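The values are calculated or read from the model by the stated rules, or taken from the named source; none is laboratory data. Values in this document were obtained by computation on a predicted structure and should not be read as measured data. Don't worry about glycine lacking a Cβ; one is built from the backbone with ideal geometry, like all the others, and counts go over all protein chains shown. SASA here: full protein model, heavy atoms, side chains in, ligands and nucleic acids out. Shrake-Rupley method; radii C 1.70, N 1.55, O 1.52, S 1.80 Å.
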Amino acid sequence: MTAPKSARIAFVDDDENLLSSHRRNFARLRPDWQGVFLNDPIAARDVITDDRDISAVILDIHMPGMTGLELAAELRSVRKDLIIVMLTGYADLQSALLAVNELG
């Protein structure tokens, strides 16, 4: 009998301090999950698209180069099975409504 595979969760945020915080806060959940920490949304798109073992992503909405909303839309088009969680430090109702209503 093989051991169950741990969940792979990708964290995408351009703020290295927040990524470090995610690493520390979620480290206690190991070995049940593995974290993939990415600070570039464009590179993250390629990693998450190619790595079918990543089952969930936690995205910052506001990032340079590609917003979390844009990244979520691209990921959703190629990974319908992906769980997407959006985070923001801004009280931006419009982004929240777009994320829920258009991206699911």
Residue by residue through the range 62-84, note down the ones that are under 19 Å from Gly35 (Cα atoms) and crowded, with 21+ Cβ neighbours inside 10 Å. Gly68, Leu71, Ala72, Leu75
Of residues in the range 1-36 being modelled with pLDDT under 85, hydrophobic (A, V, I, L, M, F, W, C) and open to solvent by 60 Å² or more (accessible area, probe 1.4 Å), the one farthest from the chain's Cα centre (by Cα): Met1
Need the failing condition index for Asn39 against (1) within 24 Å of Gly89 (Cα to Cα); (2) over 11 Å from the mean Cα position of the chain (by Cα); (3) open to solvent by 30 Å² or more (accessible area, probe 1.4 Å), just the number. (2)
